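Contents: one structure, followed by commentary.
The values are calculated or read from the model by the stated rules, or taken from the named source; none is laboratory data. All values derive from a computational prediction rather than experimental measurement. Counting neighbours? That spans all protein chains shown, and the Cβs are built from the backbone with ideal geometry, glycine included.
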Amino acid sequence: MKLLPLLTGLLAGPVAMAVASESDLMPAPLMMETGPGQLKLTPAFRVAFTGVKNARLTDALTRTLRGMEERSGLLFARTATGEFAVAAGAGSAQLVIKCDTAGEAVPQLREDESYVIQISSSRVLLTAREDWGVLHGLTTVQQLLQSDSGGWFLPVIAIVDEPRFPWRGLLIDVCRHWQPMDVIKRNLDGMAFVKLNVLHLHLTEDQGFRIESKTFPRLHELGSDGHYFTQDEMREIIAYAAARGIRVVPEFDIPGHATSWLVGYPELGSAPGPYAIERKWGVFNPVLDPTNEEVYRVLDGFLGEMAALFPDPYLHIGGDENNGKDWSANARIQQFIRDHDLKDNAGLHAYFNQRVNAILRKHGKKLVGWDEILHPDLPAGSVIHSWRGPDGIAAATKQGFQTLLSNGYYIDLNDPAAHHYLTDPDPATGSLTSAQHSLILGGEATMWSEWVTPELIDSRIWPRTAAIAERLWSPRKVRDVPDMYRRLAIVSRRLAEAGLQHESYIEPALRRLAGEKATAEDLRALRAFVDLLEPVKEYKRGSQQPGATQFTPLTGLVDCARPDSGPAREFAVAVDQLLAAPRSAEAARRVETMLADWHATAQHLLARLPALSPQLAEAQPLLQALADAAHAGLVVSGALQEGRALPEAALGQLTAAVKPAAVPHAAVELPASHALVRLVAVHH
Ligand code: ACM
């Protein structure tokens with residue numbers, strides 16, 4: 001590895017080689033060495049630039065220093081006009097930034113994002129070839145800030161870092177539920193903090209057309225309920241992202257998922273219409289008519305307008321879940337398929353993509369689409385975005401297409417961080433050739449917004465997306481799940497400090513859910529209870545709440561439950577330890593303390609439900625299930641401790657008592673039920 005000699009010798013004096021993950025950093029850097037000692041942080045902290053100094057770097061520095069001030073309570077030296085004071089030269093600075101070249105106005109795919117940090121007991125030296133690397137290095141410095149009884153400090157350390165994949169994204173669907181500017185901006189802050197570099201904005205859908213079009217204004221005027229980004233606002237987002245080293249890739253989903261296009265322009269559809277904004281979730285029939293030349297005239301005008309607005313060379317055209325029903329029902333469209341030898345609806349979709357690709361090329365853009373667009377006739381140079389299954393990457397690269405992975409990164413489906421973390425865009429095993437491996441650009445976490453409002457979207461994105469960010473940035477071998485969770489808890493607190501609301505939304509949401517008569521004790525119990533819950537996974541919520549629409553309030557129990565329950569995970573570890581050492585008093589104590597707490601919590605809330613908000617009534621069966629299961633767990637643990645066998649009849653009752661806890665209700669589940677079932681089963 002060519003960087004190793006570079007790393008060795010960056011630190012003066014004795015060093016300890018550290019595995020990348022042996023720190024709190026997330027994503028873990030490519031390589032690092034720690035040394036003895038600290039760089040003490042004092043109000044005299046000053047910065048010097050010895051290479052490029054531009055507005056992007058000084059703005060990033062200001063954000064970093066302000067973040068360090070807010071964490072530490074220290075006040076760094078400022079100029080008369082309030083800017084952070086810059087040292088006269090490197091000799092008198094505690095942070096020296098040496099950047100060789102300034103990047104362009106906005107980042108592109110495959111920028112040099114590498115950086116090197118050397119911290120001694122007297123200063124930090126941050127070196128990068130381009131300013132994109134400096135941005136990443138500054139977030140690393142901010143993450144390294146820590147304290148002990150002697151005060152705030154940065155550890156003596158040397159870091160050589162660069163990303164594994166060039167495309168590390170977060171998709172935000174602003175259509176199903178509108179997500180305004182402040183949501184986008186604070187999540188861009190979060191993305192920058194974990195070194196993600198692509199914001200994929202899903203801008204058009206059946207449920208909303210969320211970008212202003214000056215050429216075809218009925219698109220946003222009639223397709224959005226008034227909730228859309230103006231072009232000025234979009235320029236602001238693009239600039240905000242670029243200042244953080246993040247590209248903005250827009251998606252205009254066509255030909256399906258296109259109801260909102262047709263509200264204002266029904267003549268572009270494959271059925272007569274009229275069309276109304278869709279309010280429900282699912283796959284719908286409205287689809288553009290690829291046989292209508294007017295469709296291409298509108299796409300040329302609209303995509304040309306968007307090509308000028310969005311500087312990124314890549315433009316996502318969706319292409320997913322086109323059910324073809326309105327094509328099949330239209331005799332003229334079917335005749336077109338026969339006349340043009342297109343064979344079937346899939347052939348017609350491929351024809352449409354070729355026409356769209358020609359439009360994109362004319363406007364200087366490269367096509368990205370979901371994996372349904374993979375077809376032998378797809379133009380070379382297109383990027384396939386895999387979402388449907390684990391074979392998408394192999395299928396796309398086998399045909400020579402560059403590819404992105406989102407299958408496994410669907411954060412809207414409420415899976416635990418570990419599930420996403422262990423999903424690798426580049427499968428180590430399997431039959432990919434080296435040419436195929438080189439076509440894998442990276443991946444994107446996908447925040448589809450059927451079940452999120454601006455109030456709770458952060459809690460579905462964070463902190464789990466930080467684990468995905470690490471998968472996309474850090475070496476493949478960094479995959480220790482317990483250590484990931486240890487660091488995820490730390491980075492989650494840092495993200496909250498940076499303004500993300502994944503923690504702060506919960507108390508007001510619970511207060512509203514509990515109702516006016518809730519006491520402090522009720523709220524404490526409710527918080528303990530929802531921390532044990534998780535929203536149902538995969539696409540189960542749709543079947544648990546079949547009548548839900550865009551207007552359904554997302555203020556219920558499930559909306560206060562968050563993915564990846566920490567207490568449930570801790571409980572599972574404690575149960576495994578107890579099962580491994582059934583006579584261990586320590587292991588039993590851990591399990592029993594939790595179960596006794598849960599039992600008391602459930603009993604308290606069961607007694608208080610009549611006084612609390614009627615909206616909380618749906619919690620009753622879950623509270624009863626928790627109380628019963630916790631009680632059964634306590635009986636089993638007690639018997640284990642005493643080495644006492646339980647009679648067959650009692651065992652049957654205990655087994656029955658834990659079962660209801662494993663059944664989802666009100667769109668939430670009790671993940672601790674799995675460990676409880678294991679615990680009770682030990683007696684069989
Ligand atoms: C998708 O989830 N339909 C791309």
(request) Sort through Thr62, Thr101 and tell me the only one that's surrounded by fewer than 16 Cβ atoms within 10 Å (Cβ to Cβ), among the β-branched types (Val, Ile, Thr) and farther than 24 Å from Trp152 by Cα. (result) Thr101
(request) Report whether or not Asn407 is touching a Ser or Thr at 6+ places or on another chain (Cβ under 9 Å), closer than 30 Å to Cys560 by Cβ, within 16 Å of the ligand (Cβ to nearest atom) and among the polar types (S, T, N, Q). (result) yes
(message) Looking at Asp320 and the list (1) under 27 Å from Gly169 (Cβ atoms); (2) in contact with a Phe, Trp or Tyr (Cβ under 6 Å, 6 or more places away or on another chain); (3) surrounded by 19 or more Cβ atoms within 10 Å (Cβ to Cβ), which single condition is not satisfied?
(response) (3)
(request) Please name all residue pairs, on different chains or six or more residues apart, with Cβ atoms under 7 Å, provided the first residue is in the range 636-664 and is touching a residue at least 40 places away in the same chain (Cβ under 8 Å) and the second residue is buried (at least 20 other Cβ atoms within 10 Å of the Cβ) and outside any helix (DSSP H, G or I). (result) Pro664/Val536
(message) Would you confirm, using the coordinates I've provided, whether Thr403 is in a strand (DSSP E or B), of a type in the set (Ser, Thr, Tyr) and crowded, with 19+ Cβ neighbours inside 10 Å?
(response) yes
(request) Check whether at least one residue in the range 386-396 is surrounded by fewer than 19 Cβ atoms within 10 Å (Cβ to Cβ), within 14 Å of the ligand (Cβ to nearest atom) and in contact (Cβ under 8 Å) with a residue 12 or more places away in the chain, and report yes or no. (result) yes
(request) Count, please, the residues in the range 440-481 that happen to be over 26 Å from Glu162 (Cβ atoms) and assigned to a helix (DSSP H, G or I). (result) 4
(request) Please report, ordered by residue number, the strands (runs of 3 or more DSSP E) entirely within the range 91-188 with at least 2 residues that are more than 16 Å from Ile246 (Cβ to Cβ) and among the aliphatic types (A, V, I, L, M). (result) 95-101, 115-119, 124-130, 151-161
(request) Please state which one of Phe209, Phe193 is crowded, with 22+ Cβ neighbours inside 10 Å, more than 25 Å from Glu305 (Cβ to Cβ) and at pLDDT 95 or above. (result) Phe193
(request) Scan the range 409-436 and report the pairs whose first residue is in contact (Cβ under 8 Å) with a residue 60 or more places away in the chain and among the aliphatic types (A, V, I, L, M) and whose second residue is crowded, with 18+ Cβ neighbours inside 10 Å and part of a loop (DSSP other than H, G, I, E, B), with Cβ atoms within less than 6 Å and a gap of 6+ or a chain change. (result) Ala417/Asp564
(request) Check whether at least one residue in the range 313-331 is modelled with pLDDT of 95 or more, away from the ligand (no atom under 16 Å from the Cβ), in a helix (DSSP H, G or I) and of a type in the set (Phe, Trp, Tyr), and report yes or no. (result) yes
